[in-house]
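Asks: Pasting a structure below so you can have a look.
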Amino acid sequence: MFEPTSRYFNVETVSRIQPDGRIVAYKRRRFLPRGETLALLAELSVGQGERLDVLTARALGDPEQYWRVCDANNAMYPPDLVAQPGQRLRVPVPGV
């Protein structure tokens, strides 16, 4: 259902039988980890006009892993992480 690098890959898939008999598969809710509990790979400073996907690609080699940086910084809204130049961001060890 999801690629191995997706934040939803390890979330349990369940199914429900609809009243008309159709089976609908879905993922259970994903709870965000506490960022401070994630192993730290690096800490980066946000530059003027920096984008989270570019920063993540530079740090982790894959721009689609931005969600890992969000998790490590307890961010629910990714643009908040790069809104303030000079802000320090935690980059977690991927796959831990």
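The values are calculated or read from the model by the stated rules, or taken from the named source; none is laboratory data. None of the values given here were measured: they were computed from a predicted structure. Note that each Cβ is placed from the backbone with ideal geometry, even for glycine, and that neighbours are counted across all protein chains shown. What goes into the accessible areas is simple: the full protein's heavy atoms, side chains included, and nothing from ligands, DNA or RNA. Shrake-Rupley method; radii C 1.70, N 1.55, O 1.52, S 1.80 Å.
Asks: Can you tell me how many residues within the stretch 10-33 are at negative phi, assigned to a loop (DSSP other than H, G, I, E, B) and of a type outside the set (S, T, N, Q)?
Replies: So the answer is 11.
Asks: Go over the candidates Arg68, Arg58 one by one and state the one that is open to solvent by 60 Å² or more (accessible area, probe 1.4 Å) and either over 13 Å from the mean Cα position of the chain (by Cα) or closer than 14 Å to Arg34 by Cα (or both).
Replies: Only one candidate qualifies: Arg58.
Rundown of residues vs (1) over 18 Å from Tyr66 (Cβ atoms); (2) modelled with pLDDT of 95 or more; (3) surrounded by 11 or more Cβ atoms within 10 Å (Cβ to Cβ), yes/no style:
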| residue | (1), (2), (3) |
| --- | --- |
| Glu12 | yes, no, no |
| Arg16 | yes, yes, no |
| Pro19 | yes, yes, no |
| Arg22 | yes, yes, no |
| Arg29 | yes, no, no |
| Leu41 | no, yes, yes |
| Val46 | no, yes, yes |
| Arg51 | no, yes, yes |
| Val54 | no, yes, yes |
